[in-house]
Amino acid sequence: SAVISQKPSRDICQRGTSLTIQCQVDSQVTMMFWYRQQPGQSLTLIATANQGSEATYESGFVIDKFPISRPNLTFSTLTVSNMSPEDSSIYLCSGSTTGGTEAFFGQGTRLTVV
Amino acid sequence: AQKITQTQPGMFVQEKEAVTLDCTYDTSDPSYGLFWYKQPSSGEMIFLIYQGSYDQQNATEGRYSLNFQKARKSANLVISASQLGDSAMYFCAMRDLGGYNKLIFGAGTRLAVHP
C-alpha cells in the first residue's frame with residue numbers, strides 16, 4: 001500500500017493570499033486526485049492531477065482558482081489562489097492505481113482563511 | 001450519473017455491540033468498486049474495506065465486513081464488537097473502474113460509541 005505525505009497539515013491565511021499544498025507518494029501511482037471537504041460536509045472532487053499535462057477539473061472548479069501541478073508520478077501540488085473565507089476547508093490529496101482496490105489519502109490540510 | 005446515498009446522519013451504539021451503517025449506490029457501469037473510509041476528528045481518511053462489483057463473496061477486514069447486495073445496490077458496513085475508538089465519521093464511496101477512477105462519496109454517517 002502507498003503512503004501519501006501531505007503538507008502543510010494546517011494553516012491560517014489572510015484573505016487575498018495563496019497557499020500551495022504538496023503531496024508526495026512513496027511509490028508510483030497512476031492516478032492522483034484533489035478533494036475539498038467543507039465544514040460538516042462530505043468530500044468533493046476538485047480535479048484529477050495528470051502527469052505532465054493540465055489537470056482535469058470538475059464542474060464548479062477552475063484552473064485560475066485551483067492550479068494543480070503533477071511533474072511526475074509521485075508528486076503533486078494544489079494552490080488555492082486569492083483566498084476568501086469561503087475557501088476554509090480541509091483539502092485532501094488521494095492516489096491510486098488504475099482499477100486498483102485501494103485509494104489512499106494524505107493526512108489532509110486544514111485551511112482557515114481570515 | 002453515479003450516486004452514493006447514506007441515509008443515516010448519525011448512529012449510536014453501545015460498546016461491544018455490532019452496528020450497521022447503510023449505503024446505497026446508483027450506477028450504470030457494470031464494473032465498479034465500493035469503499036468505506038473512517039474519518040476521525042483529526043481529518044485523515046482511513047481506508048477500511050473494499051468490495052468489487054464482480055466479487056462473489058462479501059469483503060471482510062478484521063472487525064469490518066461489507067454486506068454487499070448487488071441486486072439492491074447496497075453496500076452496508078458492519079462493525080462488530082464496537083470500541084470507543086470507532087467513534088468517527090464514516091464515508092461510503094464508489095469508483096467506476098472503466099473511467100477516470102475517481103471516487104464519489106456519500107454524505108457520511110457520524111457514529112458515536114457509548115461505554
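The values are calculated or read from the model by the stated rules, or taken from the named source; none is laboratory data. Predicted model only: the values in this text are computed from it and were never measured. Please note: Cβ atoms are built from the backbone with ideal geometry, for glycine as well, and neighbour counts cover all protein chains shown. The protein model used for the area step is the full one, side chains on, heavy atoms only, and it has no ligands, DNA or RNA in it. Shrake-Rupley method; radii C 1.70, N 1.55, O 1.52, S 1.80 Å.
Checking each residue in the stretch B:50-59 for being in contact with a Phe, Trp or Tyr (Cβ under 9 Å, 6 or more places away or on another chain), more than 10 Å from chain A (Cβ to nearest Cβ) and open to solvent by 60 Å² or more (accessible area, probe 1.4 Å) picks out B:57, B:58.
A quick yes/no check of all residues on (1) within 11 Å of chain B (Cβ to nearest Cβ); (2) surrounded by fewer than 14 Cβ atoms within 10 Å (Cβ to Cβ); (3) at pLDDT below 95; (4) more than 24 Å from residue A:81 (Cβ to Cβ):
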position	(1), (2), (3), (4)
A:1	yes, yes, yes, yes
A:4	yes, no, yes, no
A:14	no, yes, no, no
A:18	no, yes, no, no
A:23	no, no, no, no
A:27	no, yes, yes, yes
A:35	yes, no, no, no
A:38	no, yes, no, no
A:43	yes, no, no, no
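The residues on offer are A:86, A:58, and the sole one that is open to solvent by 10 Å² or more (accessible area, probe 1.4 Å) and within 14 Å of chain B (Cβ to nearest Cβ) is A:58.
Those strands (runs of 3 or more DSSP E) of the stretch A:30-72 in which 3 or more residues are under 11 Å from the mean Cα position of the chain (by Cα) and closer than 24 Å to residue B:37 by Cβ occupy A:31-37, A:43-49. Of all residues in the stretch B:11-49, those satisfying the criterion of being under 14 Å from residue B:91 (Cα atoms), open to solvent by 10 Å² or more (accessible area, probe 1.4 Å) and not in a strand (DSSP E or B) are B:22, B:40, B:41, B:44, B:45. Only residues that are buried (at least 21 other Cβ atoms within 10 Å of the Cβ) and touching a residue at least 40 places away in the same chain (Cβ under 8 Å) were counted in the stretch B:60-81, giving 3. Filtered by the rule that a residue be in contact with a Ser or Thr (Cβ under 7 Å, 6 or more places away or on another chain), surrounded by 17 or more Cβ atoms within 10 Å (Cβ to Cβ) and not aromatic (Phe, Trp, Tyr), the stretch A:97-107 gives A:103, A:106, A:107. Taking the stretch B:50-115 and the strands (runs of 3 or more DSSP E) fully enclosed by it, the elements with 2 or more residues that are at pLDDT 95 or above are at B:64-69, B:74-79, B:88-96, B:109-114.
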